[in-house]
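Engineer: Dumping the structure here so I can ask a few things about it.
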Amino acid sequence: MVIPEWFVSPGTDAWWQQQQQRGLPFIERLENSLCRVTFLWRDPQGTEETSAFQHVWINITGITDHHQPAPPRSLQRVPGSDVWYWQTELSADWRGSYCLIPDTSAESPERLTDLSQRKDWWREKFAIAGHDPLNPLRPWQGGRGMSVSPLHMPEAPCQADWAPLDQGHALPLNISRLQWHSQRLNNQRPLWLCETGRTEAPDRPLVLLLDGQFWAEQMPIAAPLQSLTDRQKLPPAIYVMIDTIDRQHRSHELPCNEDFWLAVQQELLPLISRQTGWQHDAARTLVAGESFGGLAAVYATLNWPDVFGNAISLSGSFWWPQRGGSRGVLTRELDEGHFSADPRKIYLEAGRREPVVCQAGNELFHALQRRNIEATLTEVEGGHDALCWRGGLLSGLQALLGPGALSPFPASE
C-alpha cells in the first residue's frame, strides 16, 4: 500500500494532533459517489523496534468481516513510526460499525482456505478486538461482545435524532424496569418500559421491541423516541423492550416459535395493560426486531393479525430454517396460502452488504405482495449492523405510527 502524500513527518505528537483535528477516520470525497476512508491506529508500544504488534486487523461490518470470502485485512505500519494505517473506498451513502484487533501473533490467516477454519480464527481474534480509540464518536458493544465504533459516510441517511448520543451527551431517559415471570415458558426476564407523551391517553399505540436490553442500554432509544414525540413525528406511545435472556433462549424463542407468542398474548400483554392502562387495538399494536427478531416480528403479525397488526423487520432472517437459503418457511407458507387476508402493515429493511439476508427479504416481500398484504421494502447501503437498524427502526415507526400512517404504503420496487 502506498503511503498517502499527506503523511508528512508521521508519528510526531504534532502530526497526531493534526490528524485528530481533521477527524478520524479521515474521509475524502471522490468521483462516482465514492469516498476514500483512511483508518489510523497509534501503537502504544512505539515503533517496530519496541512493539510486539505484528498486525492490526480491521473488522468492518459487511466489508472486511468474517462473512467475506477475502482474507482478513490488516492496517500497515509506517516504517520507523508508531503509525498504522489502512485505506478503502466506500459508497458515499454507506454507514456501518467497525473494530480494530491489535495482534502480537505473526501468523497470517491467508493460509486458511477453508471458510469454517477462517471463521474459527475470527472468533479467537474477537477476544482481543476493541473500538477505535481515535474515533471521537461513542462506541458500543456489538453482537459478539466486543466494543465497536461507528462510521457514517456523508450521504448516509440522516440520523439526527441519534446525534446527541453519538457525541457522548448524557440524556435523561424516561424508562422503568419490570420483571416478566412466564409460567408458559418456564423462565423470567427483565422488561424495560418507556412511555412517551401523555400517559393518560387511552389510545396510545403499543410497540414491542425484541432484543430489549440492546435498545434499553447499549443503543438507548428512549431519548430519540421522546424527541420524535415532542416534534409530533410520533404519537404518545408505550414501548416495551423485551429481554432475550441469553443467546440460547434467543435462538429458540425468536425463530417462528408459537409458544413464545402465546406467552406474550396470555401473560405479557395483560401485565402491560395493568401497568399502563393500555387498551388493545391490533391496528395500534406493533412488533419490531432485527435479524431473528425481524423474522419473529413478521411471524407474529402473519399468524395473529387480530393482536399484532404491524411489524418492523430489520435485516430479518427470512432464510430460516436453512441458513444461506433465500426462500424460508414464511415465504413458502405465504405462497401456500397459510395466512388469512386480515389487514396488516409490514415494514421491511435490509442492507445491500448482507446479500443472503437482502435476497431472502426480497423473496418475502414479493410473497407478501402476491397475497395482497401491505408491505414496503427499503434497502440501505450497509450490512447486518445496529447502526443501520437504529435508523430503520425510527423510520419504520414513523411510517407505521406517524402522521399519515393510515395511508397505504407507497409502492416499493
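The values are calculated or read from the model by the stated rules, or taken from the named source; none is laboratory data. Since we're looking at a predicted model, the values are computed, not measured. No Cβ is skipped: glycine too gets one built from the backbone with ideal geometry, and neighbour counts run over all protein chains shown.
Engineer: Considering each of LEU364, LEU334, LEU348 in turn, give the residue that is hydrophobic (A, V, I, L, M, F, W, C) and closer than 30 Å to GLN232 by Cβ.
Structural biologist: The conditions single out LEU348.
Engineer: Here's something else I'd like to know. Determine which single condition ALA127 fails, assuming it passes every other condition in (1) closer than 30 Å to ARG250 by Cβ; (2) in contact with a Gly (Cβ under 9 Å, 6 or more places away or on another chain); (3) crowded, with 16+ Cβ neighbours inside 10 Å; (4) of a type in the set (A, V, I, L, M).
Structural biologist: For ALA127, the exception is condition (3).
Engineer: Scan region 129-158 residue by residue and report those that are modelled with pLDDT of 95 or more, polar (S, T, N, Q) and under 15 Å from the mean Cα position of the chain (by Cα).
Structural biologist: Answer for region 129-158, where residues must be modelled with pLDDT of 95 or more, polar (S, T, N, Q) and under 15 Å from the mean Cα position of the chain (by Cα): SER147, SER149.
Engineer: Select from region 44-78 the residues that are in contact with a Ser or Thr (Cβ under 7 Å, 6 or more places away or on another chain), crowded, with 20+ Cβ neighbours inside 10 Å and under 22 Å from GLN17 (Cβ atoms) and list them in ascending order.
Structural biologist: Answer for region 44-78, where residues must be in contact with a Ser or Thr (Cβ under 7 Å, 6 or more places away or on another chain), crowded, with 20+ Cβ neighbours inside 10 Å and under 22 Å from GLN17 (Cβ atoms): just VAL56.
Engineer: When the residues of region 151-172 are narrowed to those that are surrounded by fewer than 18 Cβ atoms within 10 Å (Cβ to Cβ) and aliphatic (A, V, I, L, M), which ends up farthest from ASN135 (Cα to Cα)?
Structural biologist: Filtering region 151-172 for residues that are surrounded by fewer than 18 Cβ atoms within 10 Å (Cβ to Cβ) and aliphatic (A, V, I, L, M), the one farthest from ASN135 (Cα to Cα) comes out as LEU171.
Engineer: Considering region 106-120 alone, what residues qualify as being modelled with pLDDT of 90 or more and either outside the structural domain of VAL83 (by TED's automatic domain parsing) or surrounded by 17 or more Cβ atoms within 10 Å (Cβ to Cβ) (or both)?
Structural biologist: Matches in region 106-120: none.
Engineer: Return yes when THR88 is closer than 19 Å to VAL2 by Cα and either without any contact (Cβ under 8 Å) to a residue 40 or more places away in the chain or out of contact with any helix residue (DSSP H, G or I) (no Cβ under 6 Å at 6 or more places or on another chain) (or both) and no when it is not.
Structural biologist: Criteria met by THR88.
Engineer: Now a separate question. Mind telling me which of the residues TRP192, TRP180 ends up being modelled with pLDDT of 95 or more, crowded, with 17+ Cβ neighbours inside 10 Å, within 29 Å of VAL264 (Cβ to Cβ) and under 21 Å from the mean Cα position of the chain (by Cα)?
Structural biologist: Exactly one residue qualifies, and that residue is TRP192.
Engineer: When the residues of region 79-102 are narrowed to those that are surrounded by fewer than 20 Cβ atoms within 10 Å (Cβ to Cβ) and of a type in the set (D, E, K, R), which ends up farthest from THR50 (Cα to Cα)?
Structural biologist: ASP93
Engineer: Shifting gears a bit: On the given criteria, is GLN18 surrounded by 12 or more Cβ atoms within 10 Å (Cβ to Cβ), free of Cβ contacts under 8 Å to residues at least 24 places away in the same chain and not charged (D, E, K, R)?
Structural biologist: Against the criterion (surrounded by 12 or more Cβ atoms within 10 Å (Cβ to Cβ), free of Cβ contacts under 8 Å to residues at least 24 places away in the same chain and not charged (D, E, K, R)), GLN18 qualifies.
Engineer: Okay, moving on. Are there any strands (runs of 3 or more DSSP E) wholly within region 163-261 with 2 or more residues that are without any contact (Cβ under 8 Å) to a residue 60 or more places away in the chain and not basic (Lys, Arg), and if so which?
Structural biologist: Answer list for region 163-261: 175-182, 187-195, 238-242.
Matching residues to (1) at pLDDT 95 or above; (2) within 27 Å of GLY143 (Cβ to Cβ); (3) in contact with a Gly (Cβ under 9 Å, 6 or more places away or on another chain):
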site	(1), (2), (3)
LEU24	yes, yes, no
GLU28	yes, no, no
VAL37	yes, yes, no
TRP41	yes, yes, no
SER51	yes, no, no
HIS67	no, yes, yes
